[in-house]
Structure formats: C-alpha cells, structure tokens
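Asker: So that we are looking at the same thing, I have put the structure below in structure tokens.
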Amino acid sequence: MKRIVILDYGLGNLRSVQKGLEHVGASPVISGDPEEILAADGVILPGVGAFVDAMKCLVPIRGIINDYVQSGKPMLGICLGQQVLMSSSEEGKLTDGLNLISGKVLRFPKSELKVPHMGWNNIGIKQDHPLFEGIPDESFVYFVHSYYVETKPENTLASCNYGLEFSASVVNSKGNVMGTQFHPEKSGATGLKILKNFVEMC
C-alpha cells in the first residue's frame, strides 16, 4: 500500500481530502511529522485561507518539504496549496512562497464577475502529464478562490477562464511537483480520477 501523507500544518481541509483519497483506494495519513513526510511515497499539501498565514504555518516544515521534493517523489498542492508552491503572492502584502514553481499569485481584477470565483468551471488541458491521464479536455471541476496563479506555459498543466485565463493546474520542470487550483475532492468523478492518477504516480 502506498504511503500518502496529507500535510498537517494548521490550515487545510484535511478530512475531505483524506476521504477523497480513501475513495480511490489509498490509505492516507494526516501528519506534520518530518520522518513520516520524508518516508512518504506521495505528499498532498492542502490549503484553505490566506497565503500569508499558510506561509507562516509552513515555516517549521519548509526544509522538510524541500528535501522531499529533491527526492523526486510526487507532491500535489490543492487550492491554497497550489498557490504556496509559487514564488510570491500579492495577497495582503507581497509574500514569498515556497518557490518550487516560478510564478506569482494575483487577485482577480474588478469586473462584473463575482469574486471569489466559486463553483463549477471547465479546464483546458495544456500538456500530457500522468495527473490528467484519462481526463477529457474541457472537463468541469469545482473552484473557490479570489486569487489566481500566473506562470509560464511550460509550468501550466491546465488553464481555466474566468474573465481572464489563469493556470488551473501547475507543474515544476521535473514533473513531480503539481498543483490544482480547483478542489479534486469536491469535483465529482473527474476529481476522483485526478486523485487516483496522483496515487498511481506515487
């Protein structure tokens, strides 16, 4: 059985991610223990709330996350978990991220569209990657966010349009660090397939 660790750092919808992973046959553990993180076959970085709070909470395990990523094993950031993978965010004040993927987190501009971007929207798959194996282009997934990721095309696995085109899913150059702005655990059969794909990568 693959060891999937859901990072417990004080922020994040841990239980719903755990239930989603269990649904696809994994037996994940919720942990912030450095030894468990480094021994994991896969790590999920969930997140709900403000970027600056997340970065403060991640300080004690930031070095462990870097060591884990250097090992080449897969890590998936979800929602705010995707955003903290990036270089910086303008939320609150300019805050540095984990800088595992080059890019920035920006607020949706004022427009007639409601912010947060909340509910179902479709994604355009931009490159082949095991995370999106078997996921049809233009599939619908579930979003809740007021800030979006802007990164390079080579770091974008999937995009979404909400007044502007943004990176709905990102990846690092090695292909082992991924993020989804949407919530796979709330995205029905499509989201569960994405979680299953992640487990199979581990």
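Asker: Tell me, what is the per residue accessible area of the chain in Å², probe radius 1.4 Å?
Answerer: 44 Å²
Asker: May I ask you to derive the relative contact order of the stretch 152-202, considering only C-alpha pairs under 8 Å and at least 6 residues apart, and to give it as an integer percent?
Answerer: Over the stretch 152-202, the number comes to 21 percent.
Asker: Oh, and also: What percent do you get for the relative contact order of the chain when only Cα pairs under 8 Å and 6+ apart count?
Answerer: Averaging sequence separation for qualifying contacts and normalising by length gives 21 percent for the chain.
Asker: List the lysines whose Cα sits under 29 Å from the Cα of K19, skipping any in the same chain fewer than 8 residues away.
Answerer: Leaving aside lysines fewer than 8 places away in the same chain, those within reach of K19 are K2, K56, K73, K126, K174, K186, K193, K196.
Asker: How high is the FRET efficiency between K174 and V115 when r is their beta carbon distance and R₀ equals 41 Å, given to the nearest 0.05?
Answerer: On the way: r = 33 Å, r/R0 = 0.81.
E(calc), rounded to 0.05, equals 0.80.
Asker: Take K2, project a point 7 Å from its Cα along the Cβ direction, then tell me which residues of the stretch 179-202 have their backbone nitrogen under 17 Å from it.
Answerer: Only 179-180, 184-185, 190-202 fall inside the zone, counting backbone N under 17 Å.
Asker: Could I have the simple spin-label model distance between D41 and K56, label points 7 Å from Cα toward Cβ, reported in nm to one decimal?
Answerer: The two pseudo-label positions are separated by 3.7 nm.
Asker: Would you calculate a helix-derived [θ] at 222 nm for the chain, using -39,500 (n - 2.57) for each DSSP H run of n ≥ 4 and dividing by the full residue count, to the nearest 500?
Answerer: The helix contribution divided over the chain gives -7000 deg cm²/dmol.
Asker: To the nearest 10 Å², what's C57's accessible area with a 1.4 Å probe?
Answerer: Surface accessible to solvent at C57 totals approximately 50 Å².
Asker: State to the nearest 20 debye the size of the charge dipole of the chain about its Cα centre, where the only charges are +1 on K and R beta carbons and -1 on D and E beta carbons.
Answerer: 240 debye
Asker: Have a look at the DSSP beta bridges in the chain and tell me what percent are antiparallel, nearest 5.
Answerer: Antiparallel bridges: around 60 percent, rounded to the nearest 5.
Asker: I would also like to ask the following. Straight-line reach only, C-alpha to C-alpha below 20 angstrom: list the aspartates and glutamates that K114 could link to, leaving out same-chain residues fewer than 8 apart.
Answerer: Reachable aspartates and glutamates: E90, E91, E150, E165.
Asker: Now for a separate question. Would you mind counting up the charge near C202? Only other residues with Cβ under 10 Å from its Cβ, with Lys and Arg at +1 and Asp and Glu at -1.
Answerer: Combined, the nearby Lys, Arg, Asp and Glu give +1.
Asker: Can you give the accessible area of V29, probe radius 1.4 Å, in Å² rounded to 10?
Answerer: About 60 Å², ignoring ligands and nucleic acids.
Asker: With the full set of protein chains in place, find how many percent of the accessible area of the chain is carbon and sulfur; take the probe as 1.4 Å.
Answerer: Ligands and nucleic acids excluded, carbon and sulfur give 51 percent.
Asker: Taking the Cα-to-Cβ direction at K19 and at E165 and moving 7 Å from each Cα, how far apart do the two end points lie in nm?
Answerer: Reported label-point gap for K19 and E165 is 3.6 nm.
Asker: Test of understanding: what is the full-extension gain from E200 to E90, defined as 0.36 nm times their sequence separation minus their Cα-Cα distance?
Answerer: The span from E200 to E90 would gain 36.2 nm if fully extended.
Asker: Lys and Arg at +1, Asp and Glu at -1: add these up for the other residues within a Cβ distance under 12 Å of L38 and post the number.
Answerer: -3
Asker: For the stretch 1-111, what is the percent of antiparallel DSSP beta bridges, rounded to the nearest 5? Before the final figure, lay out each step's value.
Answerer: On the way: 2 of 13 bridges.
For the stretch 1-111, the DSSP antiparallel bridge percentage is about 15.
The values are calculated or read from the model by the stated rules, or taken from the named source; none is laboratory data. Computed from a prediction, not measured in an experiment: that's the story for all the values here. Don't worry about glycine lacking a Cβ; one is built from the backbone with ideal geometry, like all the others, and counts go over all protein chains shown. Please note that ligands, DNA and RNA were not included when accessible areas were found on the heavy atoms of the full protein model with its side chains. Shrake-Rupley method; radii C 1.70, N 1.55, O 1.52, S 1.80 Å.
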